[in-house]
Amino acid sequence: MDFAMTYDLGEGFTRGAFRAKEVGDVLGGNDIALTSGSWCPPAILRFRQYEGKKWLDCVGTQRANVKFVSESVVATLRAVGASGWGTYPVRLESEEGTEVTGYSGLIVSGRCGAIDNTRSVQVDKAVVGNPRGHAPVWRGLYFAEESWDGSDIFRPSSTGYIFVTEKVRAALDGAKVTNLSFTALANFERAMLF
């Protein structure tokens, strides 16, 4: 496993990107269970636009673990034979309540073990607005290599992180999908106490 060639897949937070929030509290606390495929909602989930106007290939939500992807993303993953993923139906609506088609919820069925914080390195990072001008962050997001099931798209246990192999990153970049970000796990930075 090369952690410099394995990536965290995140929302790109493109300026003006459409974002959605759930209509009602249909998820409860089942965000991770939904996106890992271990919980099936009793009805099609409804999400409505709350900001942004641009319909891009990834639609983020107020639930950090819940992401919707376009037909272009699905077609690209299928074309390269990516493993460890699936989709579920969702109803996306504009602010006015008009249905917007062409999106599915992303399920990540591939797995690896828990994040191993002992392998991360503490570094100081410049932070705008911090009185000291910098703050400590942990660099590197690691797991026991032997715990990985070999899937192209996978997640560590009990987290909302989504990891992808170089094959998936290259395919999605090549397809020029929008509003996704890729950060090499070796370079991933996060505030963390342990």
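Close contacts from region 140-152, counting a first residue that is farther than 22 Å from Thr118 by Cα and a second that is part of a loop (DSSP other than H, G, I, E, B) and of a type in the set (S, T, N, Q), with Cβ to Cβ under 6 Å and a gap of 6+ residues or different chains, come to Ser151/Ser83; Asp152/Ser83.
Evaluating Asp173 against the criteria (1) charged (D, E, K, R); (2) under 19 Å from Ala4 (Cβ atoms); (3) over 18 Å from the mean Cα position of the chain (by Cα); (4) exposed (fewer than 14 other Cβ atoms within 10 Å of the Cβ) leaves one unmet condition, (3). Filtered by the rule that a residue be over 25 Å from Gly110 (Cβ atoms) and surrounded by 18 or more Cβ atoms within 10 Å (Cβ to Cβ), region 1-18 gives Ala17, Phe18. Within region 88-97, the presence of a residue that is among the aromatic types (Phe, Trp, Tyr), assigned to a loop (DSSP other than H, G, I, E, B) and either in contact with a strand residue (DSSP E or B) (Cβ under 9 Å, 6 or more places away or on another chain) or at pLDDT 95 or above (or both) is excluded. Do you know which residues across region 24-40 are surrounded by 12 or more Cβ atoms within 10 Å (Cβ to Cβ) and either within 19 Å of Arg155 (Cβ to Cβ) or touching a Gly at 6+ places or on another chain (Cβ under 9 Å) (or both)? Result: Leu27, Asn30, Asp31, Ile32, Ala33, Leu34, Thr35, Ser36, Gly37, Trp39. Only one of the listed residues (Thr178, Thr165, Thr159) is out of contact with any Asp or Glu (no Cβ under 6 Å at 6 or more places or on another chain), of a type outside the set (Phe, Trp, Tyr) and either touching a residue at least 60 places away in the same chain (Cβ under 8 Å) or surrounded by fewer than 18 Cβ atoms within 10 Å (Cβ to Cβ) (or both). That residue is Thr159.
Residue pairs whose Cβ atoms lie under 8 Å apart, separated by 6 or more positions or on different chains, with the first residue in region 110-127 and at pLDDT 95 or above and the second of a type in the set (Asp, Glu) and surrounded by 14 or more Cβ atoms within 10 Å (Cβ to Cβ), are Gly110/Asp152. Quick one: how many residues across region 41-68 are more than 13 Å from Glu95 (Cα to Cα), surrounded by 15 or more Cβ atoms within 10 Å (Cβ to Cβ) and not aromatic (Phe, Trp, Tyr)? Going through region 41-68 one residue at a time, the tally reaches 12.
The values are calculated or read from the model by the stated rules, or taken from the named source; none is laboratory data. Source: prediction; values computed, not measured. Virtual Cβ from ideal backbone geometry, glycine too; neighbours counted across all protein chains shown.
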